Amino acid sequence: MSEALPPPVVGILALQGAFREHGKVLRSLGVQVVEVRQPRHLEGLGAIVLPGGESTTMGKLLTDWDMMDPLRERILAGMPVYGSCAGLILLCDRIEDSDQPRIGALDAQVRRNGYGRQVDSFEADIDIPVLGPEPFPAVFIRAPVLTGVGEGVTVLARVGEQPVAVRQGSVLASSFHPELTSDARFHRYFLNMCTECGRTRP
Ligand code: GLN
């Protein structure tokens with residue numbers, strides 16, 4: 001029997017956007033949460049969440065507050081990260097028609113606001129097999145579309161042809177907002193992933 005690891009302290013990037021909602025879900029799962037606004041808040045974190053919001057604004061604030069480089073370093077060194085919506089955009093290494101600041105830890109190409117104006121927000125019950133057979137209520141708000149993923153990226157869910165949830169090692173991303181529903185399975189999956197990554201790290 002493997003010994004239980006304590007849940008990690010999870011940081012939530014709290015510069016802008018839907019960070020409070022992620023905090024609520026994680027706290028409801030018994031996790032200690034730290035709101036990250038300055039480089040020193042990165043100390044002691046076991047994992048981090050990059051929320052939805054506006055990726056250009058978050059990227060600019062990360063740069064202005066000297067957090068982009070230390071955050072990228074930690075993520076590239078294996079600190080588990082979950083990015084939802086704008087957070088996914090920040091994680092991608094290719095953003096169509098944009099040179100906005102990014103972390104670039106996910107081998108994927110993204111088109112911002114890729115669902116277009118007519119359907120800029122919608123809800124869909126989607127299949128996410130790693131969460132079990134029950135469909136997941138996914139909320140999309142001016143969501144990005146992943147237009148290409150690298151070989152090392154596992155697609156966890158799709159809507160039509162498009163991947164909407166992906167994982168590459170210790171990097172998890174979704175183009176939807178699981179924090180806006182009462183279904184905590186996606187966050188629980190992230191916490192399990194953190195434990196798994198902690199176990200396999202030297
Ligand atoms: N459209 C936003 C962006 O480009 C993302 C929207 C969201 O996070 N809900 O950053």
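For residues in region 136-153 being more than 18 Å from Ser55 (Cα to Cα) and surrounded by 14 or more Cβ atoms within 10 Å (Cβ to Cβ), which is farthest from the ligand (Cβ to nearest atom)?
Step by step, filter region 136-153, then rank; the result is Val153.
Go over the candidates Ser84, Ser98 one by one and state the one that is at pLDDT 95 or above, among the hydroxyl-bearing types (Ser, Thr, Tyr) and over 23 Å from Ile12 (Cα atoms).
Ser98
Just the residues that are touching a helix residue (DSSP H, G or I) at 6+ places or on another chain (Cβ under 7 Å) and within 15 Å of the ligand (Cβ to nearest atom), please, taken from region 51-69.
Pro51, Gly52, Gly53, Glu54, Ser55, Met58, Gly59, Leu62
Yes/no matrix, rows are residues, columns are (1) of a type outside the set (Asp, Glu); (2) more than 23 Å from Asp97 (Cβ to Cβ):
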| residue | (1), (2) |
| --- | --- |
| Arg117 | yes, no |
| Ile128 | yes, yes |
| Pro135 | yes, yes |
| Glu179 | no, yes |
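Residues being more than 16 Å from the ligand (Cβ to nearest atom) and of a type in the set (Val, Ile, Thr): count how many of those fall in region 106-135.
Of the residues in that region, 3 qualify.
Out of curiosity, is Ser121 closer than 18 Å to Ala18 by Cβ, in contact with a Ser or Thr (Cβ under 7 Å, 6 or more places away or on another chain) and not charged (D, E, K, R)?
Here the answer is no, as Ser121 does not meet what is asked.
Do we find a residue being under 21 Å from Ala143 (Cβ atoms) and crowded, with 16+ Cβ neighbours inside 10 Å anywhere in region 70-82?
yes
The values are calculated or read from the model by the stated rules, or taken from the named source; none is laboratory data. As the structure is a prediction and not an experimental result, all values here were calculated from the model. Glycine also receives a Cβ, built like all others from the backbone with ideal geometry; neighbour counts cover every protein chain displayed.
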